[in-house]
Amino acid sequence: MAGPLDVEGLDKLLRAFDRAEKDVRKAAMKGLQKAGLGIIADAQMNLRDNSSVVTGLLRQSGKVQKVDEENLDVGFFDSQNRQSGYAYFVEYGRRAGRMPPPDELAQWAYKKYQLHDRKAARAAGWALAVKIAKEGTKPHPFFAPAIDKNKSKIIDAIGGAINDETR
């Protein structure tokens, strides 16, 4: 005779719920990845529209990276250390005070000003770094507007993925 809390087949039902939860999470993650790709595409378009593309390195650094089973990083990352690289400074600008790395600005100057001499590019990079240290830079938002544009798409992508999975 079964006790008052014994339910026949409960363990099977709980396993089914556990599987369904995993399937829904997996579907939601796919939806988030899809929405993340939309954010990156719109941010890349914003970079082009606000004339922030010179070398293309920032635009190419946009990624949707799976951190673990439940988390994604969506953004523009330095390939070596998974930080924002200079994307933060493009998005928000840079206050005067500290000098940015002249060598990185030399690469930018080489391409922007179509310099044919690496020595001239280094000199231009140094001059730019000094100027930025004195005056800072203005913000050129590209990522936040892309997120704002895609907020409803994020919700729709997750909801659609879950609905597709639970049918």
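Here, each number is a calculation from the coordinates, and none is a lab measurement. Owing to the predicted nature of the structure, the values given are computational and were not obtained by experimental measurement. Quick reminder, even Gly has a Cβ in these numbers, built from the backbone with ideal geometry, and neighbours come from all protein chains shown.
Cβ under 10 Å from residue 96's Cβ, residue 96 left aside: what net charge do those residues give with Lys, Arg +1 and Asp, Glu -1? Net charge around residue 96: +4. Anyone know which of 69, 91, 104 comes out most mobile in the 10 Å Cα GNM of the chain? Sorting by GNM fluctuation, first place goes to 69. A Cβ-based charge dipole, computed about the Cα centre of region 95-137 with Lys and Arg at +1 and Asp and Glu at -1, lands at about 60 debye. Straight-line cross-link reach from residue 12 at under 17 Å between alpha-carbon atoms covers these aspartates and glutamates, not counting any fewer than eight positions away in the same chain: 21, 23.
Taken about its Cα centre, the chain carries a charge dipole of about 1140 debye when Lys and Arg each add +1 at the Cβ and Asp and Glu each add -1 at the Cβ.
Semi-axes of the equivalent ellipsoid of region 95-137 are 20, 8, 7 Å, computed as sqrt(5λ) over the eigenvalues of the C-alpha gyration tensor in descending order.
Relative contact order of the chain, taken over Cα pairs closer than 8 Å and 6 or more residues apart, is 31 percent.
Per residue, the convex hull spanned by the Cα atoms of the chain measures out at 157 cubic angstrom.
Computed over region 95-137, relative contact order equals 58 percent, with contacts defined as Cα pairs under 8 Å that lie 6+ residues apart. Could you give the DSSP H helices of the chain that reach 27 angstrom or more along their long axis (alpha carbon positions) and whose average Kyte-Doolittle hydropathy is no lower than 1.0? Answer set is empty.
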